[in-house]
Structures are given as C-alpha cells and as structure tokens.
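Since the structure comes first, as structure tokens, the remarks are kept for the end.
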Amino acid sequence: MVSEVDHAALFAATPSPYLVLGPDLVIVDVNRAYLVATGRTREELVGRHVFAAFPDNPADPDADGVRNLNASLHRVLAGGKPDSMALQRYDIPVVGQPEAFEERWWSPVNTPVPGPDGQVAYIIHRVEDVTAYVKAQQAAHPTSIQVGERLENTQSLEAELYARARELQRLNEELRQAHTREREVAVTLQEAMLHTPDLDRHHRDVAVRYLPAVGSLNVCGDWYDVVDIPPDLLAFAVGDVIGHGLQAAAVMGMLRSALSATIRAVQRPAQALEVLGLYARSVDGALGTTAFKTIVDTRSRLITYSNAGHPPPVLSHPDGSCEFLDQATDPPLGARPLHVPRPQASLPYKPDDTFVLYTDGLIERRGEDIDVGLRRLTDALGDCGRMGAEQVADTVLARLGVASGGRDDIALIIVRL
C-alpha cells in the first residue's frame, strides 16, 4: 500500500523558493526557502499583497520589477497558463531598515493552480535568486586588482545580464503578440468555415456549440452543419477530421462544404457520405475522418441517417429515456480500399423529442471506456426534460465537465423536434 504523501511537508522542504498567491495577489503561503532568500518571516508575508510586501526600490528611477511581475501574474490569471519571466532585477527592502533596499537578481516562473470551476485559484510564484552569481564575479578577482577595476568588471557583467534579460523580455512580448495575431486569424477562418446561413435565418429550436481543445489556437477539425431543404426537410451533419490546428481546419472546411453541397443534390444521407468518401481520397489529411449525416423530415416525423465511423447521436424523449442512432454504422472515410455502398436507417420521432449530434470530445475521456461517456451523456439528457435547445446545450456541456472546453475538440448540435 502506498502511504499518503504529506504535500504540506513537501512544499515546506522544497529547496527552491516558492510563494503562493491568491487571484487578488495576496500572499497565502510561503515555503522556508523563500523566507531564507528574502530574510522574512512567515508572519511578515502571509496575508499581505505581494507588492506591498515587495515594492519597487524608490531610489531606483529605472526600477520595473513590480510592473514586469504584475504583467506576468495577470497573464497567468487571464490565460491560465504558466509564464516564465526574463531575468529580473528586483531589489528588496533590507530587513529592519524599511527605507533601505538591497540589490537582487531573480529568475521567476509563475504557474496557475486551477480550482474546481477551472478558474485560477492560486498562483505559484517560484524564483531562483541569482544575485550570488553576480556578486561571485566580484569576489573571484584577486586582491591585487584594484577595487575600481573589480567594480567596473562587476558592473559590466550586470549590464550584460540586464541587457540580455531585457532582450529576452522583448522577444517574449513579440512572440505573445504574434501568437495573438495568429489566433485572431485562426478564429476568423474558423468562423467563416462554420458559418451556417440557414441556422442564422431560422430555427430557434436548434442550438450549436463549437469548443476547440483547451490550449489550441481555437481552430480544429470538428464541424457541424445545418441545411434547410424546402419544404419539409432539415439536414444536419457533424464530423471530425484527424488532428488539430490550421491544417485540420482546412481539411474540415473542404469536407464540410462538399457534404453540404452534396446533400442538397441527392437528399439521401448514405449517398451523400459515399460521395464525400470518394472526394476524401483526393484531399490530403482527409482519410480517417468520421462523419454523421442525417435528414429530418418534419412532415412524416422521420429521421433518416448514415454514419461513417462517428459516435452515435442520441434521440432523447421527454420522459427521460434515450435511443442511440446506431443502426447504420460504417467505417470512417477512406477506410476501405474499394468503394462500397453505405448503410442507411430511419427512426421515427415524436414532438418534443430532443435530437443530439456531437463529436467524440464531448464523451471520450483518457483511460475511460466510451460506454461510460455515453452513459454520462444520456444521464444528463434525462434531466433536461422540456428545456429549450440552448439550455440543453449549456446543461450537457456543464454536466459533462467541458463547458470551457476539454482535452479534445467538441462540436455539438441540439435540436428540439
């Protein structure tokens, strides 16, 4: 049996200096190494705002430690990701002499700790004090060297370190700006490819959601589509291209457009997927894509569908019971060496049923059987009763723990029939 780890003891004994901050940047914990590095006691730090405990040196007009650290901490709060800072000169007050400051050089890393709601609950501020390295250069010179020369050498080293730190900080900022621009381009591209005019004009009983994997550029290979086929037909599709990022999104855009155009011409889900499968053979990166295509006949109240290797959609009834649309399942696009006709099945529905189409990121979890995820989905739908489509979508995402995104991309369509 593995004994329970005393994490408090581990934190206290860690040789690197650690400070724990709340989202308000108030110090909530500190380890012994940090107390030693700063010459403070726990009582002097815990409960104080970090910049009240460690203000800028008022005698140094170029002091920017507070500004740089504040910017890093707020990047962590906003993005929920660790932030490694460039080497910083951040002088600290001398113990017992509030008006006096001593020169210090630090290498800081700020790391978020998420709470149960996924928001940043704490920030771990880890620093390495490299002041001794600078001071050691001065001490390393023989005593025969004049003090002025030692001072000049030390100041030269400090200037070089500071210049490198500033350059690294400038490059990091340029990288962040480039990433922001790339993300804006990616979001614009994704929104253009997922634009659904028929959904925009009609269908308040249809809700769609698109959530890229956490940490991605906000683009992915998952898609949804909603098509009006007058007078009585509605076509829905979801699909999932293998991979993430701009390349997968580009493939997704081509396949989505091809399938959307095909269903308008053939109006049979199986035939539409057959055409898409043939087209996928000519598109790099398209093989292995999964897709589900369905036609809802609102006059006869019949759902007709075909499935190319995709997780089965769900038809949820007002009494809480659910049915999987799993009677026309075939391999993903391009999985067979030769063209074979795809199966097709139909299922009647009743007014107030809820039709749910999704991609695998909604239900799949690492190390967990897919049946567990499917059961989690049907349990959530069973509690949605007669909710509207938008409320069902929000409830399902929340109950499955992916309201802010998950490890994989998610596309979701909720249809109140």
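The values are calculated or read from the model by the stated rules, or taken from the named source; none is laboratory data. All figures in this text were calculated on a predicted structure; none of them were measured in a lab. Note that we place each Cβ from the backbone using ideal geometry, even for glycine, and neighbour counts take in every protein chain shown. Areas reflect the complete protein model, heavy atoms only, side chains present, ligands, DNA and RNA absent. Shrake-Rupley method; radii C 1.70, N 1.55, O 1.52, S 1.80 Å.
Across every pair of non-identical alpha carbons in the stretch 230-272, the mean reciprocal distance, once inverted, gives a Kirkwood radius of 11.5 Å. Rg and Dmax over the alpha-carbon atoms of the stretch 265-397 stand at 15.8, 46 Å. Loop-located trypsin sites (Lys or Arg not before Pro) across the stretch 221-321 with a Cβ neighbour count of 16 or fewer within 10 Å are Arg281, Arg299, Arg301, with loop assigned by DSSP.
Each listed q (0.13, 0.26 Å⁻¹) maps to a log10 I(q)/I(0) for the stretch 347-417, found by the Debye formula over equal Cα scatterers with no solvent: -0.36, -1.27. Peptides 113-119, 383-389, 56-62, ordered by how many other C-beta atoms sit within 10 Å of their residues on average, highest first, read 383-389, 56-62, 113-119.
Peptides 7-14, 19-26, ordered by how many other C-beta atoms sit within 10 Å of their residues on average, highest first, read 19-26, 7-14. With the simple model of a label 7 Å out from the Cα in the direction of the Cβ, Arg67 to Ser84 spans 2.5 nm. Between His317 and Ala261, the contour length at 0.36 nm per residue exceeds the alpha carbon distance by 17.0 nm. Of all DSSP beta bridges confined to the stretch 198-331, the antiparallel ones make up roughly 95%.
Multiply the residue gap between Ala398 and Phe324 by 0.36 nm, knock off their C-alpha separation, and tell me the result in nm, one decimal place. Write out the running numbers ahead of the final one.
Details: separation 74, 0.36 × 74 = 26.64 nm, distance 2.12 nm.
Net length gain for the segment: 24.5 nm.
Computed over protein heavy atoms with a 1.4 Å probe, the accessible surface of the stretch 277-376 works out to 46 Å² per residue. The 3J(HN,Hα) values that the Karplus relation (6.51, -1.76, 1.60; θ = phi - 60°) gives for the stretch 14-27 are, in residue order, 4, x, 7, x, 10, 10, 10, 10, x, x, 8, 6, 8, 6 Hz. Gly and Pro appear as x.
Of the peptides 88-96, 361-369, the order by per-residue mean of other Cβ atoms within 10 Å, starting with the highest, comes out as 88-96, 361-369. Of the Cα atoms belonging to the stretch 264-339, the radius of gyration and Dmax stand at 14.1, 46 Å.
Using 0.36 nm per residue of separation minus the Cα-Cα distance, give me the extension gain between Val28 and Val372 in nm, one decimal.
On the way: separation 344, 0.36 × 344 = 123.84 nm, distance 3.86 nm.
Result: 120.0 nm gained on full extension.
Residues whose amide H comes within less than 5 Å of that of Glu102, counting only those at least five positions distant or on another chain, are Ile92, Val94 (H built at 1.01 Å from N in the peptide plane).
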